[in-house]
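S.K.: Here's a structure for you.
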Amino acid sequence: WQKVLYERQPFPDNYVDQRFLEELRKNVHARQYRYQAVVFQSGAVVQQLCSVCVFVLTWWYMDAGMLSPQGLFGAALVSSLLGYVLFDAVDGGAGRWASGRTRWADLKSTLVFAAFTYGFSPVLKTLTESISTDTIYAMSALMLLGHLIFFDYGANAAIVSSTLSLNMAIFASVCLASRLPRALHAFVMVTFAMQMFALWPMLQKKLKARTPRCYVGVTVLFALAALAGLATVSSVGAVLFASLLLAISCLCPYCLIRLQLLKDNIHGPWDEAEIKEDLSRFL
């Protein structure tokens, strides 16, 4: 018997000899994960959950009158300036020189965004007056959930969409801002949302790529700050949120490592043929 199709042989079409399973291979493309590496990569999920938590807590404090818009705007401005300086200091300005973007261009973009947001803040305040508050809260929760689902955590997957994730977060911030007392509250809330969901992830990605130890430290401090803020509102919520963060950062990586041991993908002569030769010259 020969494994050819161009000769007639006294065997049925589905015949195979004893050598068939000699080419059997298992887990050819399986990746071997290390627990520490998986825990490190889970920091992106932890940080984004904490960002949503901090944003919702900030809105709750402003809605309850415990946080003034002037105080939040001042704190956001100072933290943005510190983050801006740190963003350039991490790589010595190499990223800025590579992109060709100047500080003057950054300042103009910031001023234009602040001016338009402040000008349209009365519209944002009255945008959803005809919609019930329960519907606003439900839409905001769904949008924030969608933001977490579509956020770019570093995975090369079709579901990842940074643009869609950011738009959903801003939409949720506009919905929640419309329930605040004044137009100034709405302006500060939308500005703070842009800082949390657009600027903060950019800084974290650069810290993760350039200074992993600093990234881990910032992630832990940020998670502790979110838990402390949540504890002032609900101790039960803080315990549940802490359990969620521990499950994502410790338990899920352990389950992934254990499940990798049970992986059993087989490859052999029954697989579809793959053309490995570069055919670009024929195109």
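S.K.: Among the listed residues V56, V85, V78, identify the single one that is open to solvent by less than 70 Å² (accessible area, probe 1.4 Å) and either assigned to a helix (DSSP H, G or I) or more than 30 Å from I248 (Cα to Cα) (or both). Break it down stepwise before answering.
M.R.: On the way: V85 fails: open to solvent by less than 70 Å² (accessible area, probe 1.4 Å); V78 fails: open to solvent by less than 70 Å² (accessible area, probe 1.4 Å).
Result of the check over V56, V85, V78: V56.
S.K.: In the range 114-151, how many are closer than 20 Å to F55 by Cα and either free of Cβ contacts under 8 Å to residues at least 40 places away in the same chain or in a helix (DSSP H, G or I) (or both)?
M.R.: Counting residues in the range 114-151 that are closer than 20 Å to F55 by Cα and either free of Cβ contacts under 8 Å to residues at least 40 places away in the same chain or in a helix (DSSP H, G or I) (or both) gives 24.
S.K.: Return the only residue of S173, S121 being open to solvent by less than 40 Å² (accessible area, probe 1.4 Å), within 18 Å of W60 (Cβ to Cβ) and not aliphatic (A, V, I, L, M).
M.R.: S173
S.K.: Looking for something assigned to a helix (DSSP H, G or I) and either polar (S, T, N, Q) or buried (at least 17 other Cβ atoms within 10 Å of the Cβ) (or both) - is there at least one such residue anywhere in the range 152-161? It would help to see each step written out before you state the result.
M.R.: Restricting attention to the range 152-161, the residues satisfying the condition of being assigned to a helix (DSSP H, G or I) are none.
No, the conditions are met nowhere in the range 152-161.
S.K.: Residues of the range 1-39 being within 20 Å of D271 (Cβ to Cβ), within 39 Å of the chain's Cα centre (by Cα) and among the basic types (K, R), which ones?
M.R.: Within the range 1-39, R25, K26, R31 qualify.
S.K.: Please find, among L230, L245, the residue that is open to solvent by 20 Å² or more (accessible area, probe 1.4 Å) and either of a type in the set (A, V, I, L, M, F, W, C) or not in a helix (DSSP H, G or I) (or both).
M.R.: Being open to solvent by 20 Å² or more (accessible area, probe 1.4 Å) and either of a type in the set (A, V, I, L, M, F, W, C) or not in a helix (DSSP H, G or I) (or both) holds for just one of L230, L245, which is L230.
S.K.: While we're on this one: Can you give me the number of residues within the range 59-75 that are aliphatic (A, V, I, L, M) and either closer than 30 Å to C252 by Cα or not in a loop (DSSP other than H, G, I, E, B) (or both)?
M.R.: Count: 3.
S.K.: If you don't mind, there's one more thing I want to ask. If I go through the range 106-152 residue by residue, how many of them are under 30 Å from V46 (Cα atoms) and of a type in the set (V, I, T)?
M.R.: 6
S.K.: Could you tell me which residue of the range 209-227 is nearest to A64 (Cα to Cα), considering only residues that are free of Cβ contacts under 8 Å to residues at least 24 places away in the same chain and open to solvent by 50 Å² or more (accessible area, probe 1.4 Å)?
M.R.: Of everything passing the filter in the range 209-227, L224 is nearest to A64 (Cα to Cα).
S.K.: Please find, within the range 5-53, the residue that is least open to solvent (accessible area, probe 1.4 Å) out of those that are assigned to a loop (DSSP other than H, G, I, E, B) and either touching a Pro at 6+ places or on another chain (Cβ under 7 Å) or among the small types (G, A, S) (or both).
M.R.: S42
The values are calculated or read from the model by the stated rules, or taken from the named source; none is laboratory data. These numbers were taken from a predicted model, which means no experiment stands behind them. Reconstructed Cβ throughout: ideal geometry from the backbone, glycine too, with neighbour counts over all protein chains shown. Each accessible area value is taken on the protein alone, full model and side chains, heavy atoms only, with ligands, DNA and RNA left out. Shrake-Rupley method; radii C 1.70, N 1.55, O 1.52, S 1.80 Å.
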